[in-house]
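Worksheet: one structure, shown below.
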Amino acid sequence: MKRAFLCACLFASALRSLSAQDFLDQLHQALTISFFDDRVRARASGLLDLEYYHYPQPAPGLIEAMGHDLFAPRLSVFVDAKIGPHVYFFAQSRVDTGFDPSDLGAEWRLDEYALRITPWDDGRFNLQLGRFPTVIGGWIQRHLSWDNPFINAPIPYDGVSLVSDRELPFTGQSFRRVPAFDKYEFLPIVWGPAYTLGASVAGRIGIFEYAAAMKNAAVSSRPEAWEEFNFHYPTYELRLGVRPNQAWNFGLSGAVGPYLLPDAHPMPAQSDRGDFYQYVLSQDVSYGRGHFQIWAEAFVSRFEVPRLGNADMFAYYIEAKYRITPQLFAALRWNQEFFVTADDPAGRPVSRAHDVLRIDGALGYRFTAYTQLKLQYSLARGDFISDNLHGTFAAQFTVRF
Amino acid sequence: MDFFVTIAILAALLGGAGSCFGQAAIEGTVELPKGHFVPVENERYEIVSKAGVLATDPPRAVVYLAGNFSRSERLPHRTVTQKELAFIPGLLAIEVGTKVQFPNEDDTYHNIFSYSPTKRFDLGRYPPEEHPVPSVVFDKPGLVTLRCDIHEHMRGLILVLQTPYFTITDGKGHFRLTNLPAGRHVLKAWINSRKTVEHPVELKNGASLQANLP
């Protein structure tokens with residue numbers, strides 16, 4: 001692990017040279033093609049991420065790995081194409097060890113592909129079809145490694161609850177504390193960017209923005225559910241935003257839809273997976289000016305759990321980034337998540353996860369316009385297993401091309 | 001009053017005579033690389049996109065007279081505007097010590113930065129109405145690549161020169177350099193970061209020289 005990370009640092013030094021930067025500039029141009037007097041143009045680009053984690057057991061967030069160390073490389077390749085002034089297409093493909101870092105083998109996936117039609121020049125209306133991120137919240141625009149000052153996601157997108165979309169409890173006590181090895185059965189409020197299938201409309205009229213989508217799976221659904229071409233149990237998403245000026249951005253979002261997988265078991269008699277919904281409400285705000293940026297989001301989520309009733313969660317985070325020099329930046333994030341469960345129908349208390357407090361601190365350095373190193377330390381108290389204080393160190397080296 | 005008018009007319013005539021008979025010019029053509037850069041905007045995670053396509057910029061070259069010239073006493077302020085998600089002009093040549101302003105004429109934030117060793121800076125995020133207009137003084141010769149931290153397709157170049165005698169070709173490679181000092185010099189054409197061609201020239205007062213650079 002350490003050797004791999006050392007290699008990354010040496011790689012960074014090599015890429016720091018002017019000739020390497022010039023090469024990446026040339027590559028940037030070489031990966032662009034155009035036809036019909038430039039009316040059709042496309043560009044391939046990518047991110048190579050080399051990530052290293054050191055953590056106590058169990059692995060934090062959505063990381064799925066045993067041991068205390070994990071090296072997780074990832075190659076993401078993007079295609080952006082413009083077909084005339086009104087049609088835009090994009091796609092993202094990845095080779096990695098799983099959508100979330102894991103110690104499993106390498107795999108290749110096509111994570112995103114979407115076609116966007118913009119009939120009017122002023123952006124009052126956009127129609128998008130395909131597989132693309134959720135429209136709710138304010139984190140999606142900066143969820144890729146190059147744009148995000150942190151290595152992991154904020155807790156509403158990363159903190160696992162006790163609600164499962166597959167393993168359904170019989171009683172309040174079997175709504176249980178989760179052993180580390182099957183943590184992957186359980187859901188956060190929003191699973192990362194939630195690249196689900198569907199259609200959306202979005203636009204801006206004056207200072208107001210709107211976005212609405214119908215997708216094939218809930219915002220909390222796991223990556224395996226995102227690609228299932230089945231719209232019998234759709235999720236509806238909505239975000240309304242106000243941007244009074246370029247510095248401020250306010251948004252209110254909501255999502256509603258069934259969240260159980262087709263193989264969820266044991267289902268209550270005479271019920272269907274479409275009877276159990278996840279409801280999400282969120283508010284986001286961001287401010288940016290000069291070298292300073294701040295973001296905050298708050299989420300309330302309700303899962304209707306078969307036999308038990310409602311499991312509610314509240315999570316929020318406040319994140320700030322400051323660019324200290326043209327190449328060095330620092331970021332700090334405060335995350336909290338609270339779980340609420342009522343007694344089960346038999347009057348017995350339902351077990352619940354420990355409330356979580358997590359503080360993330362990160363330092364980042366851009367060696368060139370194409371290479372970046374981030375170091376992060378997260379100190380957390382509480383998770384779905386224990387109430388202990390524990391820390392996670394992470395490093396990420398990124399090459400953009 | 002008539003005396004001052006006479007003096008002014010004489011001064012103008014002498015000045016004009018100086019530029020006609022005391023200085024030289026070079027005109028010619030630089031062979032430019034074929035093809036042009038076609039930017040493609042990344043709109044993947046924009047909540048709202050606008051219709052339209054980004055303008056393309058044909059390649060151009062900077063032609064300059066290299067030598068040990070004294071620095072201009074008063075350097076003009078130059079401007080690189082951010083408009084329709086592009087740097088305008090995409091290539092700017094300036095003399096060492098020139099101040100360049102970067103007004104934002106789009107209806108969105110821009111964040112101009114450079115990691116070039118010639119000049120490292122980051123202007124931060126600023127809106128269209130920013131006053132005073134963010135500016136940078138370029139105090140070392142060399143090439144500066146301008147980028148925007150928000151719009152990754154945006155790229156601009158500033159070539160900082162140690163000579164007051166320079167110009168930029170048109171899209172076909174034509175150039176004309178005027179008001180040059182007489183003597184033996186080297187004419188250079190910067191074509192891109194990997195290619196600069198040069199040609200020795202001997203300039204005579206009042207004469208115009210033809211020079212084509214391969």
Q: Pick out, from the range B:79-188, the strands (runs of 3 or more DSSP E) lying fully within it that include 2 or more residues that are in contact (Cβ under 8 Å) with a residue 40 or more places away in the chain.
A: B:86-88, B:91-95, B:98-101, B:135-138, B:142-148, B:155-161, B:166-168, B:174-180
(Q) Regarding the range B:120-132, can at least one residue be identified that is more than 10 Å from chain A (Cβ to nearest Cβ), in contact with a Leu (Cβ under 6 Å, 6 or more places away or on another chain) and either of a type outside the set (Gly, Ala, Ser) or open to solvent by 40 Å² or more (accessible area, probe 1.4 Å) (or both)? (A) no
Q. Any idea how many residues of the range B:172-201 are charged (D, E, K, R) and touching a Lys or Arg at 6+ places or on another chain (Cβ under 9 Å)?
A. 1
(Q) Tell me whether the range A:101-108 contains one or more residues that are more than 8 Å from chain B (Cβ to nearest Cβ) and charged (D, E, K, R). (A) yes
Q. Considering the range A:28-48 alone, what residues qualify as being open to solvent by 50 Å² or more (accessible area, probe 1.4 Å), more than 10 Å from chain B (Cβ to nearest Cβ) and in contact (Cβ under 8 Å) with a residue 40 or more places away in the chain?
A. A:48
(Q) I'm checking my understanding of the structure. Among residues of the range A:99-126 that are among the aromatic types (Phe, Trp, Tyr) and closer than 27 Å to residue A:55 by Cα, which one is surrounded by the fewest Cβ atoms within 10 Å (Cβ to Cβ)? (A) A:108
Q.
Checking residue A:327 against (1) more than 10 Å from every other protein chain (Cβ to nearest Cβ); (2) open to solvent by less than 20 Å² (accessible area, probe 1.4 Å); (3) within 30 Å of residue A:371 (Cβ to Cβ), only one condition comes out false. Which one?
A. (1)
Q. Among the residues of the range A:169-206, which ones are open to solvent by 30 Å² or more (accessible area, probe 1.4 Å) and modelled with pLDDT of 95 or more?
A. A:199, A:201
Q: Scan the range A:337-347 for residues that are surrounded by fewer than 20 Cβ atoms within 10 Å (Cβ to Cβ), touching a residue at least 40 places away in the same chain (Cβ under 8 Å) and assigned to a strand (DSSP E or B) and jot them down.
A: none
(Q) Condition check: without any contact (Cβ under 8 Å) to a residue 40 or more places away in the chain and not small (Gly, Ala, Ser). Does residue A:323 satisfy that? (A) yes
(Q) Being over 12 Å from residue A:86 (Cβ atoms) and among the hydroxyl-bearing types (Ser, Thr, Tyr) is the filter here; which residues of the range A:116-130 pass it? (A) none
Q) residue A:267 versus (1) touching a Lys or Arg at 6+ places or on another chain (Cβ under 8 Å); (2) without any contact (Cβ under 8 Å) to a residue 12 or more places away in the chain: which is the lone unmet condition? A) (2)
Q: Collect the residues in the range A:200-223 that are over 30 Å from residue A:164 (Cα atoms) and assigned to a strand (DSSP E or B), keeping them in residue-number order.
A: A:201, A:202, A:203, A:204, A:205, A:208, A:209, A:210
Q: Under 8 Å between Cβ atoms, at least 6 apart or on separate chains: pull out the pairs that start in the range A:230-254 with a residue that is closer than 21 Å to residue A:303 by Cα and end on any residue that is surrounded by fewer than 20 Cβ atoms within 10 Å (Cβ to Cβ) and β-branched (Val, Ile, Thr).
A: A:235/A:256; A:236/A:256
Q: Find all pairs meeting these conditions: Cβ atoms under 7 angstrom apart; at least six residues apart or on different chains; first residue within the range A:77-99 and more than 7 Å from chain B (Cβ to nearest Cβ) and part of a strand (DSSP E or B); second residue of a type in the set (Val, Ile, Thr) and open to solvent by less than 60 Å² (accessible area, probe 1.4 Å).
A: A:83/A:40; A:91/A:79; A:93/A:77
Q) Which of the residues that make up the range A:379-397 are surrounded by 15 or more Cβ atoms within 10 Å (Cβ to Cβ) and either in contact with a helix residue (DSSP H, G or I) (Cβ under 8 Å, 6 or more places away or on another chain) or modelled with pLDDT of 95 or more (or both)? A) A:384, A:385, A:394, A:395, A:396, A:397
(Q) Let me confirm something: among A:127, A:70, which residue is modelled with pLDDT under 95, in a strand (DSSP E or B) and farther than 22 Å from residue A:225 by Cβ? (A) A:70
Q | Those residues of the range A:258-272 which are crowded, with 18+ Cβ neighbours inside 10 Å and touching a strand residue (DSSP E or B) at 6+ places or on another chain (Cβ under 8 Å), in sequence order | A | A:258, A:259
Q) Is it the case that some residue within the range A:363-370 is closer than 20 Å to residue A:154 by Cα and either more than 19 Å from the chain's Cα centre (by Cα) or of a type outside the set (S, T, N, Q) (or both)? A) yes
**Q.** Matching residues in the range A:210-224 - criterion: being open to solvent by less than 10 Å² (accessible area, probe 1.4 Å) and either within 17 Å of residue A:158 (Cα to Cα) or modelled with pLDDT under 95 (or both)
**A.** A:218, A:219, A:220, A:221, A:222
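The values are calculated or read from the model by the stated rules, or taken from the named source; none is laboratory data. As the structure is a computational prediction, the values presented were derived from the model and not from experiment. Cβ atoms come from the backbone with ideal geometry, glycine included; neighbour counts cover every protein chain shown. The protein model used for the area step is the full one, side chains on, heavy atoms only, and it has no ligands, DNA or RNA in it. Shrake-Rupley method; radii C 1.70, N 1.55, O 1.52, S 1.80 Å.
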